[in-house]
Structure formats: structure tokens, C-alpha cells
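The values are calculated or read from the model by the stated rules, or taken from the named source; none is laboratory data. Keep in mind that what you see is a predicted model, and the values were worked out from it rather than measured. Positions of Cβ are generated from backbone atoms using ideal geometry, with glycine treated the same way; all protein chains shown enter the neighbour counts. The area values use the complete protein model at the heavy-atom level, side chains included, leaving out ligands, DNA and RNA. Shrake-Rupley method; radii C 1.70, N 1.55, O 1.52, S 1.80 Å.
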2 protein chains.
Amino acid sequence: MEIIRRKTDYAFRLMLNLSINYGKGAVSARTLSNEEQVSYQLTCKLLQKLHDSGYIKSSMGPKGGYFLIKSPSQISLADIVRVIQSPISLSDCLLGINNCPKKSICSIHKELYKLGNYIDNFLSNLTLNQLINIRNNDSENNANFLINKEFSKNKLN
Amino acid sequence: MEIIRRKTDYAFRLMLNLSINYGKGAVSARTLSNEEQVSYQLTCKLLQKLHDSGYIKSSMGPKGGYFLIKSPSQISLADIVRVIQSPISLSDCLLGINNCPKKSICSIHKELYKLGNYIDNFLSNLTLNQLINIRNNDSENNANFLINKEFSKNKLN
DNA sequence: TTATATAGGACTATACTGGTCTTAATTAAT
DNA sequence: ATTAATTAAGACCAGTATAGTCCTATATAA
């Protein structure tokens, strides 16, 4: 089960593309669809949602398209997640005392609560602007995934 | 969308109960169902899965039931998650370079990868034994959720 | 006027999730 | 031996989420 749903992932891409084009005019759904390899229909749907939520504006007609309203530094991945997919929660029971019938359970949820907070904060603090910077600093080679593999070996050390 | 599915949460409870009874003989599904407020049928199903995965043993007949094979210090929440629900992955694309058509995306996934690792490690390092200890240290009052509520108010401060 | 865009409702196939029902097989105690 | 308590396990189901398409309408630059 994916925490970040596929649609949300698509939206990340679309928004990152718009971030790179921030201040350079509108980008059409068709272009975004092609460049980010997301089906045209779905691209439209996702852009509409992002539009309705006030992150992007649209201009209709030829030469129309979408562009960011806010600066990429003011939009986090958590924002996008919130728009596209149902909210991420770590577990049902964290929502309230009602679902947690026994005290014995609370030690579980107390710990899970910390994890939930961490995830929240992580996504809230990761802005589109930061992602652009990471990409730029990251050299021109395509070896990011190799780097990621190293990350995984060293995890928690 | 919950990262820890409800069934997994149930399994956490059942396993914590068995942990508390570790070394004290078998506990029947009926008892576990009552004590942890999980439907009897579902309790049976979950216990069967945990049994098949080698975390608990069963004895049939009257006075039968289930008991842990391993020590609670050797079973993590990640273990239980793995048995009960489909594996947690942060996003489809993290699975491989194949799903990641554009380099521009990698800066997203590089960061998400870190988050995925954190979640993994968190759950892998949280053992049933630790949860018992947390519970015991946590005083005898029932106010854990009040504490949790405070947590939620103060988060990110 | 036309071609290029966005806007948005309706619909669908598939899969997952939580959960139940039913029928067996095992075994301690009487 | 019989009975009652218990695990074992397959089949089934309703509800919902997910990803995605289809179709029609509307706006607008050229």
C-alpha cells in the first residue's frame, strides 16, 4: 500500500514542472501531460483540483494554460497531498479516544503518534523550491537512484 | 487513508496481549477477542495469519489457545505489519527507476526515500517489549489520551 | 470563425478492505 | 465414548477507494 498515491505523485510532477516555469507564463495541460508522462485526461483533472484549491491559476483559450499563484517556496508536498488524496493518517485510533478501547493499547498509539507527527512535519517542510534546489545541486548525471541505494544501507546509522 | 490499517491495529493489540502473557500459557481467541474488543471471527483470522508466519503457536482443544514463540523483545511492529497488511511503501516510484520517467522527479523521490526509510526504521525498532515497558512506566492512570491530546496541540512547536 | 484551451459532470473497471458464514478437525475433561 | 471447547481454513460479500476515461460545454487568441 502506497502512502503517496499515484495521483499524488503525478501532481508532484506537474507542480514541480510549474515551479520550474514560475514567472515564465502559462503551461498548457497538454504540455504538462507530455513532459511529465501523465495521461492527458488525468492531467486535466489533477490541474483542476489544484486550481480549485488555489495553488494555480488558469487562462483559457489558445496560449492558455496553468501557472503557480504562490511562490514554489510557499508550497509544500503536504499541501499537494492534501489536495489530491485523502489525508494521510497513521492509524484510525489516533483520531480519538473513542476508537481506543483499552489502556493497554495506548503505549502503541503513543509511539505511533510520534511517527505520524514526523511524517506530517517532513512533508510540510519540504517545499517545491527545495526540490528544485536539490535537483540543481545534484549534478547532471542520472545516478540519483544509486545514491538512494547507499542511503538505504546506512539507514539509522 | 490510514498507513496502519485497522486489521493491523487489531493485530498489534492481540500481540501485545500475548506479550503480556508471555510464558504464562495459552490464551484463547475468545479471550483475546473479548479483552481487545476485536470481533471473534476476525480475531481468529488474524491469529491464524500470525500463526502461519511463525510468531505464535497454537494448541487445539479445550484449554487451548495461542502463545508467543519468540520473546516480545524480538518482535517488532514492522514484523506484524508485514504479516497482516500489504507492505507499506511510500510511493510507487520508489520501487525502481522504471517508474520514474524524468530526472526532474528524482529530487522528489530522493527526499521521499529518506522518509520511507525513517518509517521503516521506526517500526522495525519498536518491539512489543518496549511497548510493555512504555505502558508500565506510564503510570496507572487512564489519562494517556489526554497526554496525547496535548501532544497534538503542541506539535511542531 | 476557428482552433486551442480549460471546466466539469458522469461513468467504469478493478482491487482492496473489513468482515461474516460455514464446515471441518483436534483434544481435555467427564 | 461423548461432549464441549477450541483451532483451521475456505468461501463469500458489501462497501469503498482508486485510477482512469468519455463527453459536452465554455472561453478566448488569432
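A few comments on the model shown:
- Debye equation applied to the C-alpha atoms of the range B:8-101, log10 I(q)/I(0) at 0.15, 0.25 Å⁻¹: -0.57, -1.35
- Pairing chains B and A buries close to 6300 square angstrom of accessible surface in total, based on protein heavy atoms and a 1.4 angstrom probe.
- At 7 Å out from Cα toward Cβ: residue A:82 inter-copy label distances (nm, ascending): 3.6
- Partner chain coverage, peptide A:111-118 - average Cβ within 10 angstrom: 6
- Of A:70/B:110; A:49/A:114; A:24/A:70, pairs whose Cα-Cα distance is over 19 Å: A:70/B:110; A:49/A:114
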